[in-house]
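Taking it in order: structure first as structure tokens, then the write-up.
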Amino acid sequence: MPDGQDVALESAELHQQLVSLYKGPIYLLQSGRGFFDTMDLSLISTATVRTIGESADVTLDPLRFRSNILIEAFDDALMPENAWVAGLLIFGERDTSAAMCVNRKDVRCMITNLDPVTSQQTPTVLRTIVNHHAQCAGVYGSPERIGTIHVGDIIRLVKE
């Protein structure tokens, strides 16, 4: 507690204190596999994967980019997520919809050269990202609202 008192994680006292400080619902989550709540979310669009593949003259599997979220953007931009930095993405129209603050572009490393299925190296992939896209492909963000994301969700961008 703020006063230095130790309380059990599951205690009603701690829950009430957090609810009153946060001014909203608080949930204790437990995962059998563990998760990292300090790590960024990574997001890439199918347009970005296609743009890099066309520039590198290779068909790319989106899994090569190891992103948490793959989206299909209905935008004419070749790499639409670049324009979303400093924005908020809301996934779906439910009360339980997740929201993500887009913090920065995703600077890529040599792992993008590795095919995730065959482990075959394709050095032109990272070379293309470095030479034509300032070494960036996709974006990083942080959870703004815990919630669910469903395949087919409409994603809304809110910029201030």
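The values are calculated or read from the model by the stated rules, or taken from the named source; none is laboratory data. This one's a predicted model, so the numbers in the text were calculated from it and none came from an experiment. Here the Cβ is made from the backbone with ideal geometry for all residues, glycine too, and neighbour counts use every protein chain on show.
Annotations for the structure displayed:
- Picking from residues in segment 95-137 that are within 15 Å of residue 42 (Cβ to Cβ) and aliphatic (A, V, I, L, M), the one that is surrounded by the most Cβ atoms within 10 Å (Cβ to Cβ) is 137.
- Only residues that are of a type outside the set (S, T, N, Q), within 17 Å of residue 159 (Cβ to Cβ) and in a strand (DSSP E or B) were counted in segment 72-122, giving 10.
- Residue in segment 54-64 that is farther than 15 Å from residue 139 by Cα and free of Cβ contacts under 8 Å to residues at least 24 places away in the same chain present: yes
- Single residue of 77, 83 found to be in contact with a helix residue (DSSP H, G or I) (Cβ under 9 Å, 6 or more places away or on another chain) and among the small types (Gly, Ala, Ser): 77
- Residue within segment 108-126 that is under 16 Å from the mean Cα position of the chain (by Cα) and either of a type outside the set (Ser, Thr, Tyr) or modelled with pLDDT of 95 or more (or both) present: yes
- Scanning segment 109-121 for residues that are in contact (Cβ under 8 Å) with a residue 40 or more places away in the chain and either under 24 Å from residue 80 (Cβ atoms) or aliphatic (A, V, I, L, M) (or both) yields 111, 112, 114, 116, 117.
- Given (1) touching an Asp or Glu at 6+ places or on another chain (Cβ under 8 Å); (2) surrounded by 12 or more Cβ atoms within 10 Å (Cβ to Cβ), number of the condition residue 90 does not satisfy: (1)
- Segment 143-157 residues that are within 14 Å of residue 72 (Cα to Cα), paired with ones that are part of a loop (DSSP other than H, G, I, E, B) and among the charged types (D, E, K, R) (beta carbon under 8 Å, 6 or more apart): 154/93
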